[in-house]
Each structure stands twice: as C-alpha cells, then as structure tokens.
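Peer 1: Quick one: the structure is below, and I'll ask about it shortly.
The values are calculated or read from the model by the stated rules, or taken from the named source; none is laboratory data. Note that the structure is predicted; figures quoted are calculated from it, not measured. Note that we place each Cβ from the backbone using ideal geometry, even for glycine, and neighbour counts take in every protein chain shown. Note: accessible area is taken over every heavy atom of the protein model, side chains too, but ligands, DNA and RNA are not part of it. Shrake-Rupley method; radii C 1.70, N 1.55, O 1.52, S 1.80 Å.
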Amino acid sequence: MKSSDYFEQARMLMPGGVSSPVRAIKPHPFYTKSAQGSRIATVDGEELIDCCMAYGPLILGHAHPLIKEAITTQLGKGWLYGTPCPLEPEYAGMVIRDHPGMEMLRFVSSGSEATMAAIRVARGFSGRPDIVKVEGGFHGAHDGVLVKAGSGATTLGIPDSAGVLADVVAHTWQVPYNDPDALESLLFRHPEIGAFIIEPVPGNIGPVLPEKGYLQEVRRITRAHDVLLIFDEVITGYRIGIGGAQEYYNVRPDLTTLGKIIGGGLPIGAFGGRRDIMECIAPAGPVYQAGTFSGNPLSLAAGMATIQWLHAHRGIYRELDSAGKRIGEAVTGKGGSFVQHGSLFKFFFRTAPPRNYREVKECDTGRFSSFWSAMLKTGIFLPPSQFETNFLSAVHNEADVERISDAYRSCL
Ligand SMILES: *Cc1c(COP(=O)(O)O)cnc(C)c1O
C-alpha cells in the first residue's frame, strides 16, 4: 500500500487522519516505514533527509545505536513498575546539575503535562490566579495556554480552540516577545498576575531570537513584581546547549519545563525549579500532580543515555552551529530572512527577521508552501509550516548539510 492508501483508511478512523494536527500534510502525508540516522524511509520507497526530527526530540538522529541499547537493556528489566526505581534520582540529579534554575524536579509524560503542572504550582505557591504568556508562545495543548493573540500591546486571551472556556483563558494575559516595556506595564496594572511563562527562544513560531538584554530584563521585571518566571525549555533544553537557554543567556528562572530531548525519543516531560516552590507539590505539599507513566524507566533510560552522550560530546553544539551557519550562507541573497540558533533554523518569507509573533505572521505562507513542496520533491523533509522551526541532529553529516544547502539554493 502507498501513503495515499493508508491516509484514505486513516481518514475514516481518526479525525483528520492523524494523531496530531501538524502532521496532516495536504493532499496526504507520507507514511514512514522506518527511520535511521538522518533519514526517513517512506512506504512509497523514497528516502528523505529529515530536518524535522520529530519536532525536536531526536538530537542524536533516528534509532541511534546507543539509545537503542539503553532501551533494550531496560526492556529486559521490565518497562513499567508503578514504584520508584533507581533511575529516577540518578537522572534527576543529572538534569538538575545541568540547569542553574533547578533544585528539584518531577518527571511527567509530556511537555504539555509539564507546563500544566508548572503553572498550577506557580499559582499554588503565589496564591495569585493570573498568568502571562508570550503571543505565539506554545506550551502544549491544555486549556490555560490555548490562547489566541489579540491586537493590543498587551492582550487578554480569547480561546484558540472550541471547548476551551472563556473563563479559563480570562486568566491568561499575553505580551509580545522582545517587548519588556509591555510586560512591565502589564505587571504594574495587574497585581493578580503570579507567573510569566515564556519559551526563552520561541521555537514554535521560529526560531525568533531574543534581542540583547531582553531575557535579563524579563528576569529583572518579574523579580521586581514578585512574579514567578517559568522558562519553557521543552525545545531549548539540551538543544541550544547543555543547560538550555538559562545557561546560554545566564538567566535563572524560578521554574523550568523540559521535554522532547530529555526522553531520547520516548515520551517524557519534566518540570522543576526552586526547592521552596517544588515542595508545594503533593505529597510534600498541597498542589496535586500525578501520573501512571510518570518517571517510567524506559523513557528515563533512553533520556539518560542521550544526555550522557551529549556530556561526552560537548563539541557537538559548536559543530551543529556551524552546520546551521553553512545552510545560512547558502541562502544569502535569496530574499527573505534566515534565522538560526545552533541546530534550530528557519528561512522566513519576510525581508527582515521577525522579532515577534505579529511579524512572523507577515510571512508569505503561500510562497512557503510551494517552497516546502519543492524541498520534499528534492528529498528534504522540513516541518510543513512556516511557523515551525527546523532541526538538525548530531548525525546529519557534511554530505547531508551540503544536500540541504543545495536544495535551499535551488528551491528558493
Ligand atoms: C512541544 C512543546 C510542548 C509540548 O510538549 P508535548 O510533549 O508535545 O506535550 C510544550 N512547550 C514547548 C515549548 C514545546 O515545544
């Protein structure tokens, strides 16, 4: 059967034919038969260079032998216990040591769960009901963060999804990225705000890069207003370096959420931060949070093997950065703008690099979509949206980067 046949079936069985909306490529998505290293093999017999990498987790590429070995070894010992296991304190210790803003953490099963719990504990700790997020910031698919941007400098959210109560998002304010003044004046006016959640480098509309001093200003302002700062590092954690954005930009958040890379390709999330805040979590404190699959040994084993590899190969971040820069060089003079941070990169169909969500939305999505199809025809799989970042992995080699660069040159 071909991809179109599978999709024909899937459409009758699953809404939109897919398990997550971004995968619903038109007229039909390709179906993956297997994946290895930087390559995806489709059921249609094509081999693609993957620049999506499952939207971020696969920093060591597909089916890395070391991760496979870690998973296989753990499989032999069982894959779900419902009791604590030694991997938990061992891995928690590693992740905490790597992140200046973490003194304690809890493992969960997805990034969405991590941000949901981080927001809950922030409310429980501060006793204040409202939160602020960045316009275009993505923190998973739960009610309080599914908020569409309005049009003022600071906006109160309207639901981004049917089924989300206006009453719920009425507690979610939004500010534009790279605009510390908007944050400051909002916090002045609304003492009921207890937390600010931000992707330090927005990856779900970008990457969009922080202007010099922006994240430091965010820290100063939130501290001055006694508002908890939550860094959502589900993408940036171990992606822009060991220690994520908090290490790279030297800004210490009160709470941090992680996911994607820390599961080595298996489902995971984690949230952590200051000890006094984290001790509010049940059973230590009054904020409830729980999960059947939380801290499951298979995800921990895969994640820990990944992080150990990254520690042993710290030079990889410099190599990934120069690979990203080489693609950037290939597209100079092609109109539009190229934005890159290490292994995150994107070509925007907009003359100047966007500074925030509103500017990202000015991109020519029609041109993006023909460009995207042309790239796929030449054998390069990019995330199918102008608003999703592209990813490189440690196993994209010189030849892959060369082919990606050539494809960009010819398709643009
Ligand atoms: C992917 C992502 C999430 C959600 O993680 P899931 O594991 O898909 O639930 C949250 N925040 C950010 C910044 C993400 O990129």
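Peer 1: Can you pull out the residues in segment 95-125 that are among the small types (Gly, Ala, Ser) and touching a helix residue (DSSP H, G or I) at 6+ places or on another chain (Cβ under 8 Å)?
Peer 2: Gly101, Ser109, Gly111, Ala122
Peer 1: Condition first: in a helix (DSSP H, G or I) and either touching a strand residue (DSSP E or B) at 6+ places or on another chain (Cβ under 8 Å) or within 16 Å of the ligand (Cβ to nearest atom) (or both). Can you find one or more residues in segment 154-165 that meet it?
Peer 2: No, segment 154-165 contains no residue that is in a helix (DSSP H, G or I) and either touching a strand residue (DSSP E or B) at 6+ places or on another chain (Cβ under 8 Å) or within 16 Å of the ligand (Cβ to nearest atom) (or both).
Peer 1: In addition: Considering only segment 110-145, how many residues are near the ligand (Cβ under 8 Å from one of its atoms) and open to solvent by 20 Å² or more (accessible area, probe 1.4 Å)?
Peer 2: 5
Peer 1: For segment 91-104, how many residues meet the condition of being hydrophobic (A, V, I, L, M, F, W, C), open to solvent by 30 Å² or more (accessible area, probe 1.4 Å) and under 13 Å from Gly244 (Cβ atoms)?
Peer 2: Counting residues in segment 91-104 that are hydrophobic (A, V, I, L, M, F, W, C), open to solvent by 30 Å² or more (accessible area, probe 1.4 Å) and under 13 Å from Gly244 (Cβ atoms) gives 1.
Peer 1: Given (1) within 16 Å of the ligand (Cβ to nearest atom); (2) open to solvent by 20 Å² or more (accessible area, probe 1.4 Å); (3) in contact with a strand residue (DSSP E or B) (Cβ under 9 Å, 6 or more places away or on another chain), identify the lone condition not met by Pro21.
Peer 2: Every listed condition holds for Pro21 apart from (3).
Peer 1: Starting from residues that are open to solvent by less than 20 Å² (accessible area, probe 1.4 Å) and within 13 Å of the ligand (Cβ to nearest atom), keep the ones in segment 256-268 and report whichever is farthest from Lys68 (Cα to Cα). Reasoning before the result, please.
Peer 2: From segment 256-268, those open to solvent by less than 20 Å² (accessible area, probe 1.4 Å) are 256-259, 261-264, 268; that's our starting set.
Within this subset, residues satisfying the condition of being within 13 Å of the ligand (Cβ to nearest atom) are 256-259, 261-263, 268.
Numbers: Thr256: 28, Thr257: 25, Leu258: 22, Gly259: 19, Ile261: 15, Ile262: 15, Gly263: 12, Ile268: 17 Å.
It comes out as Thr256.
Peer 1: Please determine whether any residue of segment 268-286 is more than 28 Å from Asn390 (Cβ to Cβ), in contact with a Cys (Cβ under 7 Å, 6 or more places away or on another chain) and assigned by TED's automatic domain parsing to the domain that holds Ile96.
Peer 2: Yes, segment 268-286 contains a residue that is more than 28 Å from Asn390 (Cβ to Cβ), in contact with a Cys (Cβ under 7 Å, 6 or more places away or on another chain) and assigned by TED's automatic domain parsing to the domain that holds Ile96.
Peer 1: Same structure again: Checking the structure you have, find out if any residue of segment 271-292 is away from the ligand (no atom under 16 Å from the Cβ), within 22 Å of Glu199 (Cβ to Cβ), touching a residue at least 60 places away in the same chain (Cβ under 8 Å) and not hydrophobic (A, V, I, L, M, F, W, C).
Peer 2: There is at least one residue in segment 271-292 that is away from the ligand (no atom under 16 Å from the Cβ), within 22 Å of Glu199 (Cβ to Cβ), touching a residue at least 60 places away in the same chain (Cβ under 8 Å) and not hydrophobic (A, V, I, L, M, F, W, C).
Peer 1: Among the residues of segment 228-245, is there at least one that is away from the ligand (no atom under 16 Å from the Cβ), open to solvent by less than 10 Å² (accessible area, probe 1.4 Å) and without any contact (Cβ under 8 Å) to a residue 40 or more places away in the chain?
Peer 2: Within segment 228-245, none of the residues are away from the ligand (no atom under 16 Å from the Cβ), open to solvent by less than 10 Å² (accessible area, probe 1.4 Å) and without any contact (Cβ under 8 Å) to a residue 40 or more places away in the chain.
Peer 1: Further, regarding this structure: With (1) of a type outside the set (Asp, Glu); (2) in a strand (DSSP E or B); (3) buried (at least 24 other Cβ atoms within 10 Å of the Cβ) as the list, and Gly194 as the residue in question, which single condition is left unmet?
Peer 2: Result: Gly194 fails condition (3) only.
Peer 1: Let me ask something additional. Only one of Val201, Val168 is more than 16 Å from the ligand (Cβ to nearest atom) and either at pLDDT 95 or above or open to solvent by 30 Å² or more (accessible area, probe 1.4 Å) (or both); which?
Peer 2: Testing whether each residue is more than 16 Å from the ligand (Cβ to nearest atom) and either at pLDDT 95 or above or open to solvent by 30 Å² or more (accessible area, probe 1.4 Å) (or both) leaves just Val168.
Peer 1: Farther than 30 Å from Glu90 by Cβ, touching a residue at least 40 places away in the same chain (Cβ under 8 Å), touching a strand residue (DSSP E or B) at 6+ places or on another chain (Cβ under 7 Å) and open to solvent by 60 Å² or more (accessible area, probe 1.4 Å): is that true of Pro353 in this structure? So that I can check it myself, show each step before the final result.
Peer 2: Working: farther than 30 Å from Glu90 by Cβ: yes; touching a residue at least 40 places away in the same chain (Cβ under 8 Å): yes; touching a strand residue (DSSP E or B) at 6+ places or on another chain (Cβ under 7 Å): yes; open to solvent by 60 Å² or more (accessible area, probe 1.4 Å): yes.
So Pro353 fits the description; yes.
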